[in-house]
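**Student:** My structure is below; once you've seen it, I'll send some questions.
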Amino acid sequence: MKLDTSGLESFPSLILHGNDVAGEISAPPSFDLPNSNDFDGFLKEAIQMVKPAKGTTTLAFIFKEGVMVAADSRASMGGYISSQSVKKIIEINPYMLGTMAGGAADCQFWHRNLGIKCRLHELANKRRISVTGASKLLANILYSYRGMGLSVGTMIAGWDETGPGLYYVDSEGGRLKGTRFSVGSGSPYAYGVLDSGYKYDMSIEEASELARRAIYHATFRDGASGGVASVYYVGPTGWKKLSGDDVGELHYHYNPVTPSTTVEQEMVDAAAA
Amino acid sequence: MTKQHANWSPYDNNGGSCVAIAGSDYCVIAADTRMSTGYNILTRDYSKISHLAEKCVMASSGFQADVKALQKVLSARHLTYQHQHNKQMSCPAMAQLLSNTLYYKRFFPYYSFNVLGGLDSEGKGCVFTYDAVGSYERVGYSSQGSGSTLIMPFLDNQLKSPSPLLLPAQDAVTPLSEAEAVDLVKTVFASATERDIYTGDKVEIVILNSTGIHREFMELRKD
């Protein structure tokens, strides 16, 4: 079974040493495959063992001033929270961001690979790669691994010569251009808040507040989302991180507890016996 | 007609737990020394810790055959790096190498749950935690292995460091002193041994700081 490993070939093919042992170690990478008759079944079991993190909420939208990108930071393995501080917004280069949903390792690895490819494009063509081009590179790589069990649901957001750009790319090989996306188990909740509050003519502050609120509400209702709500803005000069707030604290920020709030029962110290 | 499935699996789980804690100028990495298969103990004296580079130590639980293979691959790559660059690999560099090494076996994974600990180029403690296929992040502390679900909540309670994603950024390293961190690790393993059948016998504790590397052992329950 010959796999398309062109996505991994970002190293120069000139290796300076003729020594076989060292050459073998530094050779262009290829994927090890198990000698199994039932490759699908083997993969299914391997995936179960690996149990990629799927629960997440990420969103991105285009507005008048540029692109707003936001995500939570929880990684879950089944019912266990394996991390509350995962970076789900990946900085591909100073003017392009990618979001992570699905398998954490898949997203991390392929986004880093995409960053390398974008840099090589810049060096080869003496100009930055467009968001269209970058998303196409990623989509084509993921398509070639279609059916092999990669789990990637990502949005590529950036600013290029044509202005702000936003694409949704997934491991089924899908690639969609759009102005508003949310990906992950918390996306229905995020869409509710995002769609009802969205206006094209928003200021950066309004847009970042909308993004933050949408992530907060998704983390509130979706058990697989939580941690820290990060919000990034992509403008003509590149991306900038606007905020990173713990959603537990955001809850009390949006729902303050005031002393005048009546309580059903008030606890009083028991009288000394 | 249901399909006949293979009764042989290339994987096994040898159990065990690993922990790593990063301090302001030190790093503590620890793992128990019990190696099991099913309900049997294979040995009470197996080291899960590997000293990859001068300031970089890895502890791995899971399938020890895959762990041994992984340790060999990383050592060989480190040796090549030293020949090519005339210096040791830094801990963050080794962290990226480990991630890539794990991902290159994405379709036939190393059944290895790793924590990497060491000192970064500024001399501050750093801990990197991994899943079996290479996703990783830098954290202030972490645990992996059969006892991790018992150990992690306790470390969260004692050490909960602010998330590195918060803005304005806050330092992730623990305010504990080196002696306090080692003591915490001993406590954590003693507790995990009580409730996890795969953790016990001895805990091997490695401490990395500016003076070098230091190793100690503590006895645990053998039942």
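The values are calculated or read from the model by the stated rules, or taken from the named source; none is laboratory data. This structure is a prediction, so every number in the text was calculated from the model and none was measured. Cβ coordinates were reconstructed from backbone atoms using ideal geometry, including for glycine residues, and neighbour counts include every protein chain displayed. Side chains are part of the model used for accessible areas, which takes the heavy atoms of the whole protein and leaves out ligands, DNA and RNA. Shrake-Rupley method; radii C 1.70, N 1.55, O 1.52, S 1.80 Å.
**Student:** Straight-line reach from A:Lys64: which lysines fall under 19 Å, measuring Cα to Cα and dropping same-chain residues less than 8 apart?
**Tutor:** A:Lys64 reaches A:Lys177, A:Lys199, A:Lys240, A:Lys241.
**Student:** Probe of 1.4 angstrom, ligands and nucleic acids ignored: what's the accessible area per residue over the protein assembly as shown, in square angstrom?
**Tutor:** Details: 24140 Å² over 496 residues.
Result: 49 Å² of accessible area for each residue.
**Student:** Only loop residues by DSSP count here, and only those with at most 15 other Cβ atoms within 10 Å; note down the trypsin sites (Lys or Arg not before Pro) in region A:174-230 that meet that. All intermediate terms of the calculation are to be shown ahead of the outcome.
**Tutor:** Details: sites: A:Arg175, A:Lys177, A:Arg180, A:Lys199, A:Arg212, A:Arg213, A:Arg221; in loops: A:Lys199.
Sparse-neighbourhood loop trypsin sites (Lys or Arg not before Pro): A:Lys199.
**Student:** Determine the total buried accessible area between chain A and chain B, counting protein heavy atoms only with a 1.4 Å probe; round to the nearest 100 Å².
**Tutor:** Values: alone 15770 and 11710 Å², together 24140 Å².
In total, chains A and B hide about 3300 Å² from solvent.
**Student:** Okay, moving on. Could you tell me the accessible area of A:Thr258 in Å² (1.4 Å probe, neighbours in place), rounded to the nearest ten?
**Tutor:** 60
**Student:** Less than 20 Å apart at the alpha-carbon level, and either on another chain or at least 8 residues along: which lysines does that give for B:Lys3?
**Tutor:** List returned: A:Lys44.
**Student:** Give me the Å³ per residue figure for the convex hull around the C-alpha atoms of region A:197-238. List each step's numbers first, then the result.
**Tutor:** On the way: hull volume 3.5 nm³, N = 42.
Cα-based convex hull of region A:197-238, divided per residue, equals 84 Å³.
**Student:** Any idea how far the Cα center of region B:127-202 sits from the one of region A:110-139, in Å?
**Tutor:** Result: 37 Å between the Cα centres.
**Student:** Classify region B:100-149: rounded, prolate or oblate, from the alpha-carbon gyration tensor (a ≥ b ≥ c, eigenvalue square roots; a/c under 1.5 rounded; otherwise prolate if a/b is larger than b/c)? Spell out each step's value before the answer.
**Tutor:** Working: a/c = 3.23, a/b = 1.50, b/c = 2.15.
Judged from the Cα gyration tensor, region B:100-149 comes out oblate (a/c at least 1.5, b/c at or above a/b).
**Student:** If you don't mind, there's one more thing I want to ask. Over the protein assembly as shown, what percent of the accessible surface lies on carbon and sulfur atoms, probe 1.4 Å? Intermediate values should be presented prior to the final figure.
**Tutor:** Details: 12580 of 24140 Å².
Solvent-exposed carbon and sulfur of the protein assembly as shown make up 52 percent of the total.
**Student:** Let me know the shape class of the protein assembly as shown, please: from the alpha-carbon gyration tensor, a ≥ b ≥ c as square roots of the eigenvalues, rounded when a/c is under 1.5, otherwise prolate if a/b is greater than b/c, or oblate. Don't skip to the answer; put the middle values down first.
**Tutor:** Working: a/c = 1.58, a/b = 1.10, b/c = 1.43.
Oblate is the answer for the protein assembly as shown, as a/c is 1.5 or above yet b/c matches or exceeds a/b.
**Student:** Rounded to the nearest 500, what is the 222 nm mean residue ellipticity of chain B from helices alone, with -39500 (n - 2.57) per DSSP H run of 4+ residues and division by all residues? Provide the component values of the computation, followed by the final result.
**Tutor:** Working: 4 runs with 65 residues, N = 223.
Per the formula, -9500 deg cm²/dmol.
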